[in-house]
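Chemist: If you scroll down you'll find the structure; I have some questions about it.
Computed from the coordinates by the stated procedures, all read-outs in this text should not be read as laboratory data. Values in this document were obtained by computation on a predicted structure and should not be read as measured data. A quick note on method: Cβ atoms are made from the backbone with ideal geometry, for glycine too, and the neighbour counts reach across all protein chains shown.
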Number of protein chains: 2
Amino acid sequence: MRIGELSRRTGVSVPTIKFYVREGLLPPGRLTSPNQAHYDEEHERRLRLIRALIGIGGLSVAAVADVLAAIDDPSRPVHAVLGMTTGSIAGHGAGGSAGRGGDRSGKGGEEAGEDGEDGSEGGGDDEETAAARAEVEALVARRGWRVNPRRSAAQSLVEAVAAMARVGHGDFFERVVEAYADAAELIARADLEYVSGRTDRDSLVEGVVVGTLLGDKVIAAMRRLAQADASARRFDDGPDPADGPAGTGGGAPE
Amino acid sequence: MRIGELSRRTGVSVPTIKFYVREGLLPPGRLTSPNQAHYDEEHERRLRLIRALIGIGGLSVAAVADVLAAIDDPSRPVHAVLGMTTGSIAGHGAGGSAGRGGDRSGKGGEEAGEDGEDGSEGGGDDEETAAARAEVEALVARRGWRVNPRRSAAQSLVEAVAAMARVGHGDFFERVVEAYADAAELIARADLEYVSGRTDRDSLVEGVVVGTLLGDKVIAAMRRLAQADASARRFDDGPDPADGPAGTGGGAPE
DNA sequence: GCTATCGGATAGTGGAACTATCTAGGATGG
DNA sequence: CCATCCTAGATAGTTCCACTATCCGATAGC
């Protein structure tokens, strides 16, 4: 098919497809003449994946490019792709806000000058980060998780926990860790199960990426649903008030 | 304190603080004279919350404004705030990527127009969406979750599942649902437990918001860790290869 | 031959999140 | 009282990102 049909089939505009090709997300079509190219179902599939990663997964175009490059490189071991995937997420939502606007002030380190603490090794942490790191390390040790503590997932976790502490919810993590860890193990087992049937690398690796990136959204949504249910049961304020009605006054808890 | 000290304490630049005040995220300081204002610890707390929501939670400034407005409005019932929170996330990552970039294809994912058809399934859906909706409805029924199917969390879930189907992973959801649902219930129970001790509305509502928005990141990170562990155990490829051992290239995003 | 479409290149758009500058005026130490 | 900072508020500018728009000459299919 030519680009017009690819566009029609996927709902992505022609200029946008060209843009993705330029950015390296989508391989160019096979040229049948100097100014005529042919796209196949693989392109269509890839394009849908791109849209899903951007639209649902919330990745930036650059992050998608990295992830797809990892998928496409057969020399990259599967676990490296998973690590990459983690990084894409971290870059997007957590640690570095790599995606958008300047990162001038906050995160880079202590260039702001007021931190003053340049000598202390081990991360140059503030108080909350150090405490969070200790909690995460304790968790990993307790569970016997065989992970490298330098993993960016661990780093993301430390940052999230530290942020909570900074906001006055330093007790959140310790209050929920065990349940969360049980849940995480449950989920991870299902995830592994899902991809374990796949034998060829491409299929496996894509399953990991899709399952991880889109799976996060699935989990978040299901968590909301389960929260709503648990809350409804506890306060018995009806079947569920949906999103935004002016129902009864603030539910008195307990 | 004055704005300079607020800036120093939080690491947020003075112009940015002013920007947040303009955008309604942070209440203005108490004026002690026409050009002198005083900020207190509540401002500091709020500012830290804003940074956490934007930096870790990945919310847009506009979404943070909405969430904080909901927190601050005592007439808004707690469940409405939770719904709002869900919406912020959907707007950000799932539904329409409303945060940045385009989204020409229909701003509010939530059917701005008259969706006359409610109650019965199937709107103007494509094949994948219809199938996903059926799966989600079956899940809710099976679990006996007392939730309104129009809830935006349900909608997010449908969209994520549909996107997976479109990408060739239509079997993902059915293969993992039960484990995920168990995990979600586990998590939701811990979440409810966490806020159940709180009696005053402000503290409760803030706990819900922080726990939900930042909690998602905690869960995602822990899932990565558990996946890495499960994978290491299954393939026994050493303790854990970390993120970027030589060949992986993309290790550090950014 | 005719016209809609194509590939490729370059430039432009609009939104988001800051960031810089300017104007008056106040705070503070000497 | 004065010099030197800091401040509030307003307006304009910057940077990044994800697209869009417009050209151009060439080509497909009738």
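Chemist: To the nearest whole number, what is the average tally of beta carbon atoms from other chains within 10 Å of the beta carbons of peptide A:69-76?
Modeler: 2
Chemist: For the pair B:Thr199 and A:Glu127, what calculated FRET efficiency results from E = 1/(1 + (r/R0)^6), where r is the Cβ-Cβ distance and R0 = 22 Å, to the nearest 0.05?
Modeler: 0.20
Chemist: Do any GluC sites (Glu not before Pro) in the range A:12-59 lie in a DSSP loop with no more than 15 other beta carbon atoms within 10 Å, and if so, which?
Modeler: When the GluC sites (Glu not before Pro) of the range A:12-59 are filtered for loop state and at most 15 Cβ neighbours within 10 Å, A:Glu23 remain.
Chemist: Starting at the first residue of the range A:228-234, write each ³J(HN,Hα) from the Karplus equation 6.51 cos²θ - 1.76 cosθ + 1.60 with θ = phi - 60°, in whole Hz, x for Gly and Pro.
Modeler: 4, 5, 4, 5, 4, 5, 5
Chemist: How much net charge surrounds B:Ala69 when only other residues with a Cβ under 13 Å from its Cβ are counted (Lys, Arg +1; Asp, Glu -1)?
Modeler: On the way: positive: B:Arg46, B:Arg76; negative: B:Glu23, B:Asp66, B:Asp72, B:Asp73.
Taking every other residue near B:Ala69 into account, the sum is -2.
Chemist: Applying 1/(1 + (r/R0)^6) with R0 = 41 Å to the Cβ-Cβ distance of A:Glu42 and B:Glu42, what FRET efficiency is obtained, to the nearest 0.05?
Modeler: The computed FRET efficiency comes out at 0.15.
Chemist: Here is a further query. Which far-off residues, 5 or more places away or on another chain, put their amide H under 5 Å from the one on B:His38, with H placed in the peptide plane?
Modeler: Under 5 Å from the amide H of B:His38 lie the amide H atoms of B:Arg30, B:Leu31, B:Thr32, each far enough along the sequence or on another chain.
Chemist: Using a label point 7 angstrom from Cα along Cα-to-C-beta, what distances in nm, from shortest up, separate B:Ser13 from the other copies?
Modeler: Result for B:Ser13, in nm, nearest copy first: 3.2.
Chemist: Using only alpha carbons, build the gyration tensor for the range A:118-240 and give me the equivalent ellipsoid semi-axes, biggest first, whole Å.
Modeler: Details: eigenvalues 157, 130, 31 Å².
They are 28, 26, 12 Å, listed largest first.
Chemist: Between A:Ser33 and A:Arg142, how high is the FRET efficiency from 1/(1 + (r/R0)^6) when r is the Cβ-Cβ distance and R₀ = 60 Å? Nearest 0.05. Working shown, then result.
Modeler: On the way: r = 64 Å, r/R0 = 1.06.
For A:Ser33 and A:Arg142, the calculated efficiency is 0.40.
Chemist: When each copy gets a label point 7 Å from Cα toward the beta-carbon at A:Asp72, what are the spacings between them in nm, shortest first?
Modeler: Result, one decimal in nm: 4.8.
Chemist: Same structure, new question: Return the long-range amide H neighbours of B:Asp125 (sequence gap of 5 or more, or a different chain), with a cut-off of under 5 Å between placed amide H atoms.
Modeler: Sorted by chain and number, the residues that satisfy this come to none at all.
Chemist: While we're here: Karplus couplings for the range A:147-154 from phi (6.51 cos²θ - 1.76 cosθ + 1.60, θ = phi - 60°), rounded to Hz, Gly and Pro as x?
Modeler: 10, 6, x, 8, 3, 5, 5, 5
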